[in-house]
Amino acid sequence: MRRNSALAALADIVGVLVFCAVGRRSHAEGLTLTGVAETAWPFLAGTAVGWLLSRGWRRPTAIVPTGVVVWVCTVAVGMLLRRTTSAGVAFSFLVVASAATAVLLLGWRLLAAGIRRRGLNSGQSNPAAAQSTR
């Protein structure tokens, strides 16, 4: 896996862990390593499925398809696994999980795209200005 892909996968993992830690804290469930892992594993499994389905290593920072597929799989697989283990999957949780993971998993990709675009734009020289300095 290339460095870019590894960093993107790490960003997704961190996003899921942040979502789970904030959720546990907001419900006064405690921020233990075991507790966060217990909450996160179904969503992390979904993230892995999303990476495999989208072949995320090919275009790891792409919003479409990689980011969207990873996000949808994170939520869908995560909720299915939670349901099979008798964990809560209330509709309100589905909505909150979808919104929060969208911000976390798509948000960093949007920021990366903006930074890339800004870097490309600042690297382009004005042809008229370049000719006047010759």
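Quick look at the numbers
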{"read-out": "Some residue of the stretch 76-96 being within 21 Å of Arg2 (Cα to Cα) and surrounded by 14 or more Cβ atoms within 10 Å (Cβ to Cβ)", "value": "no"}
{"read-out": "Unique match (being more than 13 Å from the chain's Cα centre (by Cα), under 28 Å from Leu111 (Cα atoms) and part of a helix (DSSP H, G or I)) among Gly23, Gly46, Gly50", "value": "Gly23"}
{"read-out": "Criterion: in contact with a helix residue (DSSP H, G or I) (Cβ under 6 Å, 6 or more places away or on another chain) and part of a helix (DSSP H, G or I) - qualifying residue of Val69, Val103, Val89", "value": "Val69"}
{"read-out": "Counted residues, the stretch 1-32 - those being at pLDDT 95 or above and surrounded by fewer than 11 Cβ atoms within 10 Å (Cβ to Cβ)", "value": "1"}
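The values are calculated or read from the model by the stated rules, or taken from the named source; none is laboratory data. Just so it is clear, the model here is predicted, and its values are computed rather than measured. Methodologically, a virtual Cβ is constructed for each residue, glycine included, from the backbone with ideal geometry; neighbour enumeration extends over all protein chains shown.
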